[in-house]
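Data block below; observations after.
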Amino acid sequence: ALTNIHLPIGIPLDRFIKKKQEDFPFATGELSQLLRDIALASKIVNLEIARSGLSGLEGAFGTQNVQGECQQKLDILANKCFIRALKRGGEVCALISEENEGVIDLGNTQGKYVVAMDPLDGSSNIDVNVSIGTIFSIYRRVSEVGGPVSEADLLQPGTKQVAAGYTLYGSSCMLVYTTGNGVNGFTYEPSLGEFFLSHQNIRIPDNPTYYSVNEGAYRSFGADTKAFIEYCKDRRISARYIGSLVADFHRNLLKGGIYIYPKTAAQPNGKLRLCYECNALAFIAEQAGGAASDGMNRIMEIGPEKYHQRSPFYVGTKAMVNEACGFIDLGMVES
Ligand code: P6P
């Protein structure tokens, strides 16, 4: 009878990273260390979010970030957490963040990697207890190890990502990432202080379960996006929009669906950021069998020109992304 006792806890993240490292014969362990640094910062941010209602960390800090967005206290805390963890870990020489205008040089001249990240996305949802997330992309630096960091290090196309992922601070805290060999999800167990494998080799379902778009902006959408939304309604596809990209993306990744943030007259390039929001989720989506487009091009093939450039974003179940972009290909523009 003992044989049919199922051990509830999967393998810890550290052991999984080590095991996966063996998939890369030339791996020297730096990327593994980098992923552990991100997991550490995620645990700290998770703790601060969970108790922000009690610690006075809710609400605005009173400053604006480079985007002119009012910074929440937790945005700044998360940014500092990740910067400190990556600086101390030593593997990352530089990073860009939604919260900072230019490249942040961490002084790790021997670091082989650079990171693009949104330390806390969806932060308008913090004070109302809605899930929020961290999004990160990891690249190998193109400049000489030991030399100065270059702009080119942080303006690489998404196809050059060596790893990417997100932490979702939700009803449970999950870390989901890929190193180009599939997507795996880890659930945090606070009492043990560890992430454990809970969603092995995630594949995005083909069935079109959800469509996620802010229909409050419907009037400002192009005819193509309107046509796709009508197409979803005709097929009785359920609408789900949390207004927190990581949460909307994660639900669609597990259940099947599409997330759309289209261009509008007011935002001709959409709202989301190519380098530290779209590329990471595009990598995850593709590794899980899905797709990611700006409506015309594969997200990961766009060559970034600016750290904070925006992109229209269609991501999720491949057939849905193709249908949504297909409307655009048909050139269904406003008559
Ligand atoms: P809107 C949050 O600010 C965010 O960057 C994403 O997390 C979210 O999906 C989107 O913006 C929501 O934007 O314009 O629909 O409120």
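The values are calculated or read from the model by the stated rules, or taken from the named source; none is laboratory data. Since this is a predicted model, take the numbers as computed values, not measurements. Here Cβ is always computed from backbone atoms with ideal geometry, including for glycine, and neighbour counts include all displayed protein chains. Only protein heavy atoms, including side chains, enter the accessible area calculation; ligands, DNA and RNA are left aside. Shrake-Rupley method; radii C 1.70, N 1.55, O 1.52, S 1.80 Å.
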Inset, instruction - For the range 147-168, enumerate the residues that are buried (at least 17 other Cβ atoms within 10 Å of the Cβ) and of a type in the set (S, T, N, Q). - result: Q156, Q161, T167
Inset, instruction - Would you check which residues across the range 265-275 are within 11 Å of the ligand (Cβ to nearest atom) and touching a strand residue (DSSP E or B) at 6+ places or on another chain (Cβ under 8 Å) and list them? - result: Q267, G270, K271, L272, R273
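Just to check your reading of the model, which residue among S212, S131, S171, S220 is open to solvent by less than 10 Å² (accessible area, probe 1.4 Å) and in contact (Cβ under 8 Å) with a residue 40 or more places away in the chain? Step through it out loud before you land on a result.
Details: S131 fails: open to solvent by less than 10 Å² (accessible area, probe 1.4 Å); S171 fails: open to solvent by less than 10 Å² (accessible area, probe 1.4 Å); S220 fails: open to solvent by less than 10 Å² (accessible area, probe 1.4 Å).
Of S212, S131, S171, S220, the one residue that is open to solvent by less than 10 Å² (accessible area, probe 1.4 Å) and in contact (Cβ under 8 Å) with a residue 40 or more places away in the chain is S212.
From the list G90, G107, G122, which residue is open to solvent by less than 20 Å² (accessible area, probe 1.4 Å) and not hydroxyl-bearing (S, T, Y)? Steps first, please.
Numbers: G90 fails: open to solvent by less than 20 Å² (accessible area, probe 1.4 Å); G107 fails: open to solvent by less than 20 Å² (accessible area, probe 1.4 Å).
Answer to the check: G122.
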Inset, instruction - Tally the residues that are among the hydrophobic types (A, V, I, L, M, F, W, C) and within 16 Å of the ligand (Cβ to nearest atom), restricting the search to the range 106-164. - result: 9
Inset, instruction - Mind counting the residues in the range 265-289 that are assigned to a loop (DSSP other than H, G, I, E, B) and in contact with a Phe, Trp or Tyr (Cβ under 6 Å, 6 or more places away or on another chain)? - result: 3
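Applying the selection to the range 248-264, what residues are over 18 Å from Q287 (Cβ atoms), within 12 Å of the ligand (Cβ to nearest atom) and open to solvent by 10 Å² or more (accessible area, probe 1.4 Å)?
Pass one, the range 248-264, residues over 18 Å from Q287 (Cβ atoms): 248, 260-264.
If we keep only those that are within 12 Å of the ligand (Cβ to nearest atom) too, we end up with 248, 260-262, 264.
Y261, T264, listed by residue number.
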Inset, instruction - Give just the number: which of (1) closer than 23 Å to V115 by Cα; (2) more than 17 Å from the chain's Cα centre (by Cα); (3) not in a loop (DSSP other than H, G, I, E, B) does E305 not satisfy? - result: (3)
Inset, instruction - Tell me, yes or no, whether the range 45-65 has at least one residue that is closer than 30 Å to R140 by Cα and among the hydroxyl-bearing types (S, T, Y). - result: no
Inset, instruction - Read through the list (1) away from the ligand (no atom under 16 Å from the Cβ); (2) outside any loop (DSSP other than H, G, I, E, B); (3) touching a residue at least 60 places away in the same chain (Cβ under 8 Å); (4) open to solvent by less than 40 Å² (accessible area, probe 1.4 Å), then give the number of the only condition that G10 fails. - result: (2)
Inset, instruction - Kindly list the number of the only condition in (1) in contact with a helix residue (DSSP H, G or I) (Cβ under 8 Å, 6 or more places away or on another chain); (2) open to solvent by 60 Å² or more (accessible area, probe 1.4 Å); (3) closer than 25 Å to Q200 by Cβ; (4) not charged (D, E, K, R) that fails for F61. - result: (3)
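Only one of these is hydroxyl-bearing (S, T, Y) and open to solvent by 40 Å² or more (accessible area, probe 1.4 Å): Y307, Y241, Y276. Name it. Working first, answer last.
Numbers: Y307 fails: open to solvent by 40 Å² or more (accessible area, probe 1.4 Å); Y276 fails: open to solvent by 40 Å² or more (accessible area, probe 1.4 Å).
Exactly one residue qualifies, and that residue is Y241.
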Inset, instruction - For residues that are assigned to a helix (DSSP H, G or I), within 14 Å of the ligand (Cβ to nearest atom) and under 15 Å from E323 (Cα atoms), tally how many sit in the range 211-228. - result: 1
Inset, instruction - Exactly one condition in (1) open to solvent by less than 10 Å² (accessible area, probe 1.4 Å); (2) assigned to a helix (DSSP H, G or I) is not met by A292; state its number. - result: (2)
